[in-house]
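Q: Pasting a structure here, questions to come.
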Amino acid sequence: MTLEFVAGSVPVESLAITVQDENGNARNLSAYSGASLLVSGPDGVLRTGGTAAITDVANGLVTFTWPTTTLFDVPGDYRMALKLTAGSGADYTSPLRVVVVKGLED
């Protein structure tokens with residue numbers, strides 16, 4: 001799966017992410033106390049902002065609320081992954097490709 005955004009976008013609607021196990025089934029997230037979304041730009045630098053929350057433990061649902069400024073500052077290939085935390089440990093989901101294109105107004 002690949003997501004696509006326009007450079008400079010500040011999405012309004014939250015992003016709902018279902019964490020899946022190796023068989024494609026929703027993963028129970030009861031072992032985790034928190035989540036964050038990691039966004040890496042085409043330059044390899046992490047973009048920060050927004051908040052992620054585990055919103056449905058049993059069905060593996062994490063909801064990400066976008067920041068008020070863009071995470072997609074330049075066109076190119078980005079990667080996004082969830083970091084799920086529990087105490088001093090953390091698990092990461094496989095990165096998802098995000099394509100950011102130049103907008104028509106640019």
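Derivation of every value follows stated rules applied to the coordinates shown; laboratory data play no part. Quick caveat, the model's predicted, so the values are computed rather than measured. Neighbour counts run over all protein chains shown; Cβ positions are idealised from the backbone, glycine included.
Q: Can you tell me the FRET efficiency between E105 and L3 if r is taken as the Cβ-Cβ distance and R0 is 25 Å, rounded to the nearest 0.05?
A: 0.75
Q: In a GNM of the chain with a 10 Å cut-off on Cα contacts, which of A53, A90, A81 has the highest mean-square fluctuation?
A: For the chain, modelled as a Gaussian network with Cα springs under 10 Å, the answer is A90.
Q: What trypsin sites (Lys or Arg not before Pro) in the chain are in a loop by DSSP, with at most 14 other Cβ atoms within 10 Å of the Cβ?
A: Passing sites in the chain are K102.
Q: Take the Cα of D91, step 7 Å along the line toward its Cβ, and report every residue of the range 43-72 whose backbone nitrogen sits under 18 Å from that point.
A: In the range 43-72, the label zone of D91 (backbone N under 18 Å from the point 7 Å along Cα→Cβ) covers 53-63.
Q: Looking at the chain, what % of its DSSP beta bridges pair antiparallel, to the nearest 5?
A: 85
Q: If you take every residue apart from V98 with its C-beta less than 10 Å away from the C-beta of V98, what net charge results, scoring Lys and Arg +1 and Asp and Glu -1?
A: Spelling it out: positives minus negatives among the neighbours equals 0.
Q: Then there's this: Dipole of the range 7-106, Cα-centred, from +1 at each Lys and Arg C-beta and -1 at each Asp and Glu C-beta, to the nearest 20 debye?
A: Approximately 140 debye in magnitude.
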